[in-house]
Amino acid sequence: MSHPLRVAIAGLGTVGTGVVRLIETNRDMIAARAGRPVEIVAVTARDRSRQRPVDLDRYAWADDTLALAARPDVDVVVELIGGADGAALDLARAALTQGKGLVTANKAMVAHHGLDLAETAAASGAPFAFEAAVAGGIPVVKGLREGTAANALTRIYGILNGTSNFVLSEMERTGAEFGAMLAEAQAKGFAEADPSFDIDGVDAAHKLAILAAIGFGTRIDFAAVRTEGIARVRASDIAQADTLGYVVRLVGVAALEPAADSTSRLLQRVRPCLVPFRHPLAAVTGATNAVVAEGDFSGRLLFQGAGAGDRPTASAVVADLIEIARGQCGAPFSVPVSALAACPPADPGDRIGRDYIRFTVADRPGVLAEITAAMRDADVSIESLIQRGRAAEGEAVQVAMVTHEGPERCVAMALELLRDTPSLTEAPLVMPILSD
């Protein structure tokens, strides 16, 4: 058997200790599948004295994180520090510059700096892998990069954040409001004390930008991802969606859209959407992730599984190490970094589709006429309009509508016409209806 792949790990939280435990537990099987042993030689973390669920005494401890990249007995650095910048990025750059392989679970760093890191890796000839950065233990990066390599993908979309999916599916199950289900997610450990990255859609946007670059062979462009979270979704929206034949899910969508000049534009967006009962994403509940890729020859492919957690994420990290040990780690974004295309962002106003729109309005005569007039003037065709019951005196009521298929810019125009009306007591909520 060949000489071992020597690994250094930076960051010993739940994922880092999970990687150590996995390599120790499945050492012989990993060696057999990698063609050589995978051995940890050095580790580091912020607090050396902290008690951890694994024995680290057999490994060298580096007090200086960057020292891992300079060690002559290290072939690959595993970065599990987290954060888009700072120590994580410094270590990643140092490792790749010095010809060390880099494996990371850091979605924020890859979304913001992945192109720069891929260029550094290409220049030094070092492998750069990040399966664990997207959807935890689901092998979606490998699936897109290799499994769909012969396909022209037209759309990649899915449920990319377990916290938001847990909150929405529990609201659906219990009828509770957003705040109560977010508190439950925090109590169960599915949400951080500050859950903003999850519920505001930022975490999903990081993952979507990475998947779009891999699937379409484009330069990663996180800044172009239009993002809207789930905090404004109410139990009444979920109940109304159910009566119409839908569930509400936070969905990230990346698609190549044709432009008038015969070129393509890249649409990247994260928004709560209405998903038809019969769509495979409708059955994805709890803290689960699922990604759908649509290829011209493969058709629709579904990748589903645990999107986070120490064991699934550690599994993805070690899978990358096995690929590197085999010498089979390909281009990080499916094609050589020099061949990645610069694809301009699409205008979401060009999107043709149906929408669910919820208005919160003063309960007085003429309000519905005002809303429907704005829709008429913006050329929005209404499929259904629902108002159930009446409010107590002085209270607002909810009016929901579903539009016929049409350009998104028309809906935006209608809402602009209504923007200053006193009839609306808060901004409308628009949720696209996901096509089958």
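All of the numbers you see were taken from the coordinates with simple rules; none came from a lab. The structure displayed is predicted, hence computed values, not measured ones. Neighbour counts run over all protein chains shown; Cβ positions are idealised from the backbone, glycine included.
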message = Run the paramagnetic zone check for residue 368: 7 angstrom along Cα to Cβ, then residues of the stretch 392-435 with backbone nitrogen under 17 Å.
response = 392, 396-403, 423-424
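Using unit Cβ charges (K, R positive; D, E negative) and no other charged atoms, how large, in debye to the nearest 20, is the dipole of the stretch 80-148 about its Cα centre? Mind showing how you got there, number by number?
On the way: 5 positive and 6 negative charges, 30 e Å.
My answer is approximately 140 debye.
Given the DSSP H assignment, sum -39500 (n - 2.57) over each helix run of at least 4 residues in the chain and divide by its residue total; what's the result at 222 nm in deg cm²/dmol, nearest 500? Please list the in-between numbers first.
Values: 13 runs with 144 residues, N = 436.
Rounded to the nearest 500, it is -10000 deg cm²/dmol.
With charges only on Cβ, +1 for K and R and -1 for D and E, what is the dipole size of the stretch 323-436 about its Cα centre, in debye, rounded to 20? Please list the in-between numbers first.
Details: 10 positive and 17 negative charges, 49 e Å.
About 240 debye.
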query = Projected onto the charge dipole of the chain (+1 at Lys/Arg Cβ, -1 at Asp/Glu Cβ, origin at the Cα centre), which of 109, 425, 274 gives the Cα projection farthest towards the positive end?
reply = 109
inquiry  = Could you order the peptides 406-412, 152-158 from most to least packed, using the average number of other C-beta atoms within 10 Å per residue?
reply    = 152-158, 406-412
ask   = Once a ≥ b ≥ c are taken as the square roots of the eigenvalues of the Cα gyration tensor of the stretch 232-380, is the result rounded (a/c under 1.5), prolate (a/b larger than b/c) or oblate (a/b not larger than b/c)?
value = oblate
ask   = For residue 405 and residue 385, what is the calculated FRET efficiency with R₀ set at 22 Å and r taken between the beta-carbons, to the nearest 0.05?
value = 0.85
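If you place +1 on the Cβ of every Lys and Arg, -1 on the Cβ of every Asp and Glu, and leave all else neutral, what size is the dipole of the chain about its Cα centre, to the nearest 20 Debye? Please list the in-between numbers first.
On the way: 41 positive and 53 negative charges, 201 e Å.
Here the size comes out at about 960 debye.
Order 327-340, 184-197 from most to least packed using the mean count of other Cβ atoms within 10 Å. It would help to have the intermediate numbers written out before the result.
Working: 327-340: 17.4, 184-197: 14.9.
Most protected by this proxy first, the peptides run 327-340, 184-197.
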task = Show which lysines lie in cross-link reach of residue 142 when reach means a straight Cα distance below 22 angstrom and same-chain residues fewer than eight apart are skipped.
result = 100, 107, 207
note = Summing +1 per Lys or Arg and -1 per Asp or Glu among the other residues with Cβ less than 9 Å from residue 75's Cβ gives +1
remark   = Taking a ≥ b ≥ c as the square roots of the eigenvalues of the Cα gyration tensor, with a/c under 1.5 meaning rounded and otherwise prolate when a/b exceeds b/c and oblate if not, the stretch 208-318 is oblate
request  = Pick out, from 314, 227, 386, the residue whose Cα sits farthest towards the positive end of the charge dipole of the chain, with +1 on the Cβ of Lys and Arg and -1 on the Cβ of Asp and Glu.
outcome  = 314
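Could you work out the percent of alpha carbon pairs in the stretch 349-432 separated by over 18 Å, rounded to a whole number? It would help to have the intermediate numbers written out before the result.
Working: 1242 of 3486 pairs.
For the stretch 349-432, the share of Cα pairs beyond 18 Å comes to 36 percent.
Which of rounded, prolate, oblate describes the stretch 268-317, given a ≥ b ≥ c as roots of the alpha-carbon gyration tensor eigenvalues and a/c under 1.5 marking rounded, otherwise prolate only if a/b is larger than b/c?
Numbers: a/c = 1.99, a/b = 1.36, b/c = 1.46.
Oblate, because a/c is 1.5 or more while a/b does not exceed b/c.
Under a Cβ-Cβ cut-off of 12 Å, what is the net charge of the residues other than residue 416 that fall near it, where Lys and Arg count +1 and Asp and Glu count -1?
Values: positive: 409, 419; negative: 377, 420.
Once positives and negatives cancel, what remains is 0.
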key: Nitroxide proxy distance, nm - points 7 Å out along Cα→Cβ at residue 36 and residue 328   = 1.6 nm
task = With volume of the Cα convex hull per residue in Å³ in mind, check (1) 144; (2) 152; (3) 129 and report the label derived from this structure.
result = (2)
